[in-house]
Every structure is written in C-alpha cells, then in structure tokens.
Amino acid sequence: MKPAPRTALIFGISGQDGAYLAKLLLDQGYAVHGTSRDVDGSAFTSLRVLGILDQVRLHSAAMAEFRSVAQVVQTVQPSEIFNLAAQSSVGLSFQQPVETIDSIMHGTINILEAIRFLGLETRFYNASSSECFGNTDTPADERTPFHPRSPYAVGKAASFWAVANYREAYRLFACSGLLFNHESPLRPTRYVTQKIVRGAADIAQRKTDRLTLGALDLTRDWGWAPDYVDAMARMLKHDQPEDFVIATGMPVRLQDFVEAAFRCFGLDWTKHVESNQAFMRPSDISLSVGNPAKAERLLGWTATVKMPTLVEKLVEAELIRRRMSANL
Ligand code: NDP
C-alpha cells in the first residue's frame with residue numbers, strides 16, 4: 001500500500017511565493033491546500049500560469065479571525081503550514097500601516113494559536129523578512145539585530161518574535177525565514193524589478209519614452225523566487241526548528257539592475273530613466289544584503305540564480321508574455 005501523502009496548508013497561496021511553493025510541494029508528492037481571503041473573488045492567476053490551479057484545494061480564510069483560521073487548520077489537519085499571507089508591499093505599508101501590521105501579526109498569532117489549541121504536531125513556517133534588519137553594514141545573518149524602517153518591517157519583526165516565543169514557550173516546531181528580496185515573472189508590477197523590466201520593454205516597443213523610479217542609489221540582494229520557496233520547504237524538513245537568513249549574498253545597486261535590464265533591450269538607460277522625489281519613501285533602506293551561510297551549511301541550500309542571470313530570466317519571461325498576449 002502507498003503511504004498517505006503528506007499534507008501542506010499554504011496561507012496566501014495566490015501570491016508569487018504561494019504559487020511556486022505549491023508547485024514544489026505537489027512535485028514532492030504532497031496534497032496541497034491553500035487559502036485566499038476570498039476564494040470566489042480571486043483569479044488565482046499565478047496558480048493558472050503554473051498550470052496547477054486544479055491540483056490544489058482552496059479555502060477562504062480571514063487571517064484576523066481566529067475562528068476562520070482555526071477552522072481551516074482543523075479541516076485540513078496539515079502536517080506542514082506555511083504562512084505567506086500578508087499585505088506585502090513595503091511602500092504601501094506607509095499608507096496602510098494598521099492594515100499591514102494587522103495582516104502580518106494577526107495571521108501569525110492566529111495560526112500559532114490554532115496549532116496549539118488543536119494540539120497538532122504540525123510544523124510551521126512563517127514568512128519573515130530581511131526588512132527587519134534595516135540597513136546592513138555587513139551582510140546580515142541570524143544574529144544581526146533588527147532595526148525595522150517601515151510599518152511592514154515592524155509587523156514582520158513582531159511576528160518573528162511571536163514565532164520564537166511560541167517555539168520556546170510551547171515547544172512548537174515553528175520557524176521564520178528571514179528572506180531577502182526574491183523576484184520572478186509572477187511579481188506584480190508595483191514591485192520595482194517588474195516596473196523596470198516592463199518599463200524597458202514598453203520603451204523598446206515605443207509605447208513610451210520614460211520610466212520614472214524613486215531612489216536609484218539603493219543596494220539590494222535579489223534572488224530567484226523558486227530558489228527561495230525551496231528554502232522554506234527545507235526548513236520544515238530540518239531536524240529542529242530554527243530561523244534562517246535566505247539570500248544570495250551578492251549586493252547589487254538598483255542602478256546596475258536598471259542598466260542590465262535596459263541593456264537586454266539594446267537601450268541606454270540614462271536616456272530614459274528619471275528619479276522622482278515623489279516616489280521615495282519616508283524612510284528607506286539604502287543597503288540590504290544577507291549572509292546565507294547557515295542555510296548553506298544546515299539545509300544544503302544555495303541560490304542557483306544571481307545577477308545578471310536573474311534580470312536576463314525576467315526579461316526573457318516578459319518577452320514571452322508579450323508575444324503570447326499579442327497572439328491572443
Ligand atoms: P504576495 O503579495 O505575492 O502574496 C501575499 C498573499 O497574501 C496574497 O496572495 C494575498 O492573497 C494575501 N494578502 C494580501 N494582502 C493581505 C492582507 N491585507 N491580509 C491578508 N492576506 C493578504 O507576496 P509574496 O508571495 O511575494 O511573499 C510571500 C510572503 O513572504 C509575504 O508575507 C511577504 O511579505 C514575504 N516576503 C516576501 C519577499 C519577496 O521578496 N517576495 C521577501 C521577504 C518576505 P489573497 O489576495 O488571495 O488573499
């Protein structure tokens with residue numbers, strides 16, 4: 001007889017990471033369930049793009065309501081839970097601080113409480129963020145102190161400590177991933193990498209001549225989203241619950257990302273890109289880079305895609321997307 005498949009529950013399955021993680025876990029033989037705030041109202045475009053919409057079981061869940069979260073957990077009885085649901089835009093968090101912090105904190109605490117209340121052995125992954133660190137003078141690792149510089153980061157830092165507290169107080173198998181930025185064609189356009197790639201493609205196709213961005217003198221550590229969901233899955237297969245920094249370890253200036261994207265289209269970025277004060281945040285991180293040594297050592301994880309391959313893959317996907325929509 002075949003053993004029963006392991007069951008995973010992904011809160012926030014409709015997003016970039018939710019879709020890639022669902023695909024990975026299905027490939028590993030899991031039964032995959034996922035939540036959205038409103039299953040009937042969501043298009044689940046990312047799950048459709050990856051061709052897995054009909055392979056996952058979907059549930060509506062309101063992250064701020066314990067009853068709603070606990071009911072899904074009780075119904076699914078998952079062996080693993082991944083909490084990815086959140087208002088995830090740093091920029092938007094300055095305009096919607098309460099919604100952002102509520103979405104992060106309530107969701108995390110309600111899942112932790114549900115696991116505890118129902119007495120489950122479920123392993124729990126929580127999506128924390130490199131934003132907790134603020135500026136990183138040296139590459140941040142698991143011992144680097146937090147200095148959040150946005151409402152989003154404040155929420156992610158608080159949820160990180162909630163996970164650590166439940167792990168220590170109630171011995172839950174609960175861990176946080178401190179993930180640095182990771183990109184893919186599934187990223188919405190409000191994120192700067194997609195804004196740049198799509199802006200450069202529009203200029204190459206003569207739909208516009210200008211691309212306006214905020215601060216250009218930022219440095220980030222950008223990785224490839226499918227690599228990063230693999231790290232999440234590995235954390236829950238590790239023999240003990242621990243927190244991990246997931247990063248490429250490679251600092252890249254935003255200006256260099258822009259230059260590389262425009263070069264893919266044969267364009268000189270300096271002729272098209274402008275920086276506008278109105279797009280800048282009240283406080284921002286100028287340098288953000290991580291040290292993934294612990295994940296490499298204990299999880300056997302490494303980033304397989306770094307710059308400039310990352311930007312080339314994003315451009316290639318954008319060209320395919322445009323060709324397909326032109327042929328519709
Ligand atoms: P997405 O924004 O693509 O997906 C997040 C999901 O959360 C959405 O699909 C949405 O599902 C749900 N959601 C959105 N707003 C709210 C809200 N106000 N309350 C409750 N749920 C909400 O994020 P990613 O997939 O890129 O990231 C996954 C997680 O990892 C997020 O928590 C993010 O903050 C974190 N993270 C991401 C990084 C990255 O570079 N991508 C880096 C570090 C951390 P629906 O609309 O169906 O309800």
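Couple of notes before you dig in:
- Accessible area per residue in Å² at 1.4 Å probe, computed on the stretch 219-328: 48 Å²
- Leading residue at positive end of dipole, the chain (Cβ point charges), from Val163, Ala260, Pro185: Pro185
- The residues of the stretch 28-148 have, on average, 48 Å² of accessible surface per residue, using a 1.4 Å probe with all protein chains present.
- On Cα atoms only, tilt of 151-170 relative to the major axis of the chain in degrees: 20 degrees
- Note on Asp40 and Glu242: the model spin-label points, each 7 Å out from Cα along the C-beta direction, lie 4.7 nm apart.
- Nearby lysines by direct alpha-carbon distance to Lys207 (threshold 20 angstrom, same-chain neighbours under 8 apart not counted): Lys195, Lys271
- Between helix 254-264 and the chain there is an angle of about 70 degrees, using the helix long axis and the longest principal axis of the Cα atoms.
- Computed from Cα positions, the angle between helix 66-76 and the longest principal axis of the chain comes to roughly 80 degrees.
- Heavy atoms of Asp230: accessible area, 1.4 Å probe, square angstrom to 10: 40 Å²
- Each Lys and Arg Cβ is given +1 and each Asp and Glu Cβ -1; about its Cα centre, the chain then shows a dipole of about 580 debye.
- In the chain, Rg over Rh equals 0.96, where Rg is the alpha-carbon radius of gyration and Rh the Kirkwood radius from pairwise Cα distances.
- When a 1.4 Å probe is rolled over the protein heavy atoms, the share of accessible surface on the chain that falls to carbon and sulfur comes to 50 percent.
- Excluding same-chain neighbours fewer than eight residues apart, the lysines reachable from Lys294 by a Cα-Cα span under 22 Å are Lys156, Lys237, Lys306.
- Calculated from backbone phi, Karplus (6.51, -1.76, 1.60) coupling profile of the stretch 271-283 in Hz, x at Gly/Pro: 7, 10, 9, 10, 10, 10, 3, 5, 8, 7, 8, x, 9
- Cβ-defined net charge surrounding Pro97, 15 Å radius [Lys, Arg +1; Asp, Glu -1]: 0
- Distance between the modelled labels on Arg323 and Gln55, one decimal in nanometres: 2.4 nm (7 Å Cα→Cβ projection).
- Net length gained if the chain between Met280 and Arg67 were fully extended (0.36 nm per residue, minus Cα distance): 72.8 nm
- Part-to-part distance (alpha-carbon centres) for the stretch 303-328 and the stretch 147-222, which is given in Å: 19 Å
- Selection from Ser46, Ala70, Leu84, by position along the positive dipole direction of the chain (Cβ): Ser46
- Rough spin-label spacing in nm, given labels placed 7 Å along Cα→Cβ, for Val98 and Arg116: 2.6 nm
The values are calculated or read from the model by the stated rules, or taken from the named source; none is laboratory data. On a predicted model such as this, the values are computed, not experimentally measured, just so you know. Cβ: placed from backbone, ideal geometry, glycine included. Neighbour counts: every protein chain shown. With ligands, DNA and RNA removed, areas are computed over all heavy atoms of the protein, side chains included. Shrake-Rupley method; radii C 1.70, N 1.55, O 1.52, S 1.80 Å.
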